[in-house]
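Here the structure is laid out as structure tokens; the discussion comes afterwards.
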Amino acid sequence: MDIVEEIVDKIQSRSMKDILGYFIASEEDASRKYRNMKEISGELVGGLFEALAKDEERHKKILLVLYEKLFKTKEFNVPEDIPFLESTEEITTLSSFVEALDVAIANEEVAHRVYTLLAERDEKHRDIFKYLAMQEKAHLQAIMLHKDYVEEVLFKEHELSEKPLDTIFSSEGTGCT
């Protein structure tokens, strides 16, 4: 079983309170990671990560409002036995950037699948979860397209896999000359 399946399996058997707590924290974590990726990816692809970070912040706000409505508190707990996916190394080269993209893809896949499941389970809040699922699917597709670009153009055509990111992702020095 891959990690996405493992996380989805753990989450789907939990209470709504646990699921919402996990995803409130997960959206916050994703926003932080995307802002970090924006900072290190420069002008060429940084806009994508800025937009993703803002979307994740909006998702967190939506979930917090729903959580407070359902449980009459803003205080939420994050299940400790369900991990957030993390990159294994610091993002300094194009190869480590691709690994971070893989982690982002897995996180978006988990979110899309669980929000879709919640839309099926919770008729009263179906529209909220359908919206979130659609947003996560769009994120997933955008990240996959950027990963394809990085792998096809920068890795294969320009052999930049171990080149430092700051020499690749700028409008002046794409490393693709």
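Derivation of every value follows stated rules applied to the coordinates shown; laboratory data play no part. Remember, it's a predicted structure, so these values are computed and weren't measured experimentally. In this analysis, Cβ positions are derived from the backbone assuming ideal geometry, glycine residues included, and neighbour counts consider all displayed protein chains.
Dividing the Cα radius of gyration by the Kirkwood radius, what Rg/Rh value follows for the chain?
1.02
Can you classify region 1-84 as rounded, prolate or oblate using the Cα gyration tensor, where a ≥ b ≥ c are the square roots of its eigenvalues, rounded means a/c under 1.5, and otherwise it's prolate if a/b beats b/c and oblate if not? Walk me through the intermediate numbers first.
Numbers: a/c = 3.03, a/b = 1.48, b/c = 2.04.
Verdict is oblate for region 1-84.
Considering the zone a paramagnetic label at F84 would reach in this model (a point 7 Å from Cα along the Cα-to-Cβ line), which residues of region 1-45 have amide N under 12 Å from it?
Those under the cut-off are 22-36.
For the chain, what does the helix formula give at 222 nm: sum of -39500 (n - 2.57) over DSSP H segments with n ≥ 4, over the residue count, nearest 500 deg cm²/dmol?
Result for the chain, helices only: -24000 deg cm²/dmol.
Charges at C-beta only: +1 for Lys and Arg, -1 for Asp and Glu. How large is the resulting dipole of the chain about its Cα centre, in Debye rounded to 20?
The calculated dipole for the chain is roughly 1080 debye.
Once whole DSSP H runs in the chain are found, which of them have Cα atoms spread over 18 Å or more along the helix axis and a mean Kyte-Doolittle score of at least -1.0?
16-71, 94-121, 126-149
With the dipole of region 3-167 worked out from charges on the C-beta (+1 for Lys and Arg, -1 for Asp and Glu) around the Cα centre, which of I40, F97, A142 lies farthest toward the positive end?
Projecting each Cα onto the dipole axis, the largest value belongs to A142.
Picking from F49, A25, H125, whose Cα lies most toward the positive end of the charge dipole for the chain (charges on Cβ: Lys, Arg +1; Asp, Glu -1)?
H125
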